[in-house]
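The values are calculated or read from the model by the stated rules, or taken from the named source; none is laboratory data. The structure presented is a predicted model; accordingly, all values stated were derived computationally and were not measured. Positions of Cβ are backbone-derived with ideal geometry, glycine not excepted, and every protein chain shown enters the neighbour counts. Note: areas computed on protein heavy atoms with side chains; ligands, DNA, RNA excluded. Shrake-Rupley method; radii C 1.70, N 1.55, O 1.52, S 1.80 Å.
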Amino acid sequence: MFNALNRFMSRLDGDLPHQRRQAEAGSFGFQVLRNTNLDLSIEPWFDFIVGINGRPIDNPDPALFAQEVRNCAGGTVNLGLWNAKGQRTKDVHIPVPSDTASLGLSLQYAPLALAANIWHVLDVASNSPADQGSLLPYSDYILGSPEGALHGESALGELVEDFIGRPLRLYVYNNEYNVTREVTIQPSRGWGGEGALGCVLGYGALHRLPAPLDEPVNAPGEMMFDGGNNNEKSEPTFNPASAPSPAQGGDYLVPAQMVTPASAPPRGGKKKDRGGRSPNRLMDDYFKEEEEKSRAVDNAPQSKTPSGPPPPKAGGGPPKAEEAQADEQ
């Protein structure tokens with residue numbers, strides 16, 4: 001199923017305009033291999049420098065890049081960074097020392113597609129070499145190995161075959177904890193299950209590195225739900241009881257509660273809130289009032305005007321024949 005979805009997404013990528021497809025498949029940048037400056041929030045392997053001072057990097061000559069950095073000595077340099085986690089781009093302003101004009105970074109010119117050579121750990125069998133190597137399902141991603149470069153979907157399988165019965169070191173990134181560690185696994189065919197590692201791996205567009213879970217999200221209404229009126233900013237309300245206490249630690253996202261503000265105007269004159277009653281009480285009063293109206297209508301007479309002639313008076317009766325003839329004369 002995953003292979004079919006990957007092929008489908010590949011066909012969708014093939015339908016993109018030529019310029020966009022070329023930009024995504026053939027983009028290059030300076031990949032960060034080492035960061036000795038702890039004050040810079042730049043991640044080795046994950047970050048690619050794709051722009052400098054507002055201009056894209058389209059020349060692989062490192063001397064031109066170093067000269068542009070030296071020109072900013074004593075000031076700041078603006079770097080455009082593309083991060084493989086979530087495939088996002090951001091601009092950072094970095095101060096350049098006037099004495100050394102060095103950023104403390106080790107770089108190599110590489111394609112951005114290099115970051116797509118990852119394998120997502122989907123399932124780990126019990127007592128397998130992957131289980132003994134402490135691989136975690138769904139949150140672990142195999143990035144590479146110090147034993148050799150991995151390019152292409154079959155590269156990891158070929159490397160595992162070469163290390164049957166021998167320790168194999170792998171670089172593994174965990175999305176849940178946002179850390180990268182080195183894992184040692186000894187592939188084997190006789191551990192009692194299928195495969196030399198005993199785990200199910202995913203590769204392709206469906207298994208790219210996601211954004212870290214601790215990365216701050218956009219405020220409501222900034223991206224997908226843009227209302228168009230940016231003059232007024234409304235703050236989301238939430239239930240304080242559902243918010244984590246400081247003792248729990250960590251950053252938790254508290255979803256906004258859909259509540260009706262107390263100052264909202266009433267929809268009808270007879271349904272407005274008197275005395276701060278709850279919405280349920282208001283609905284009960286409304287239905288009770290409508291029920292009383294219905295009963296009053298059912299018990300009322302259908303018409304106030306009598307339908308027949310008035311009853312005859314006492315002692316009266318139909319006129320006699322003589323009186324009728326006298327009246328006619």
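Points to keep in mind about this one:
- Counting only protein heavy atoms and a probe of 1.4 Å, the accessible surface of region 65-165 is 47% carbon and sulfur.
- Lys288 sits with roughly 130 Å² accessible to a 1.4 Å probe, with DNA, RNA and ligands left out of the calculation.
- Dimensionless Rg over Rh [region 51-190; C-alpha; Kirkwood]: 1.10
- Evaluating 6.51 cos²θ - 1.76 cosθ + 1.60 at θ = phi - 60° for every residue in region 131-138, the Karplus couplings come out as 5, 5, x, 6, 6, 10, x, 6 Hz, glycine and proline recorded as x.
- Dividing the C-alpha radius of gyration of region 119-205 by 2.2 N^0.38 Å, with N its residue count, gives 0.98.
- Point-to-point label distance, Gln67-Glu43, nm (Cα→Cβ direction, 7 Å offset): 3.4
- Less than 5 angstrom separates the built amide H of Leu201 from those of Leu122, all sequence-distant by 5 or more or on a different chain.
- Around the amide H of Val77, modelled in the peptide plane, lie the amide H atoms of Ile94, Val96, all under 5 Å away and 5 or more residues distant in sequence or on another chain.
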